[in-house]
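Have a look at the structure below before the remarks.
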Amino acid sequence: MTMTTVHDNAAEQEFELIADGHRAIAAYQLEGDTIVFTHTLVPREVEGRGVGSKLIRGALDAARDRGLRVVPQCTFVRAYIERHPEVQDLVR
């Protein structure tokens, strides 16, 4: 599988990752020093191959780099954070 790096498409308020030509997104809203992840979409064609996890990891790394606190409204983001203690300090 070919995947690009995670990219912050700030104009659309989405982190995006292209996997085998399919665009996965993690939508967000910025509220001051907080980023609220509202939903994640991984195309059916690339589900179950780690695309969502790579996308969310990249998005959370970007949030950390920018000094943002995280609110995981999206159930996928919340589940990722619960499984990865190393990012739990980001949660507001």
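Take the convex hull of the alpha carbons in the chain; its mean projected area over all directions comes to 5.5 nm².
3J(HN,Hα) along segment 46-58, derived from phi through the Karplus expression 6.51 cos²θ - 1.76 cosθ + 1.60 where θ = phi - 60°, amounts to 10, 4, x, 10, x, 5, x, 5, 5, 4, 5, 4, x Hz, with x in place of Gly and Pro.
From its DSSP helices (H runs of at least four residues, each -39,500 (n - 2.57)), the chain gives a residue-normalised ellipticity at 222 nm of -8000 deg cm²/dmol. Our coupling estimate for segment 72-80, obtained by passing each phi through the Karplus curve with A = 6.51, B = -1.76, C = 1.60 and θ = phi - 60°, is x, 5, 5, 5, 5, 5, 4, 5, 4 Hz, Gly and Pro reported as x. Charged neighbours of residue 42, selected by a Cβ distance under 15 Å, balance to 0 (K, R count +1; D, E count -1).
None of the figures in this text is laboratory data; all of them are computed from the coordinates on show. Because the structure is predicted, anything quoted here is derived from the model rather than measured. Every residue, glycine as well, gets a Cβ built from its backbone with ideal geometry; the counts of neighbours run over all protein chains shown.
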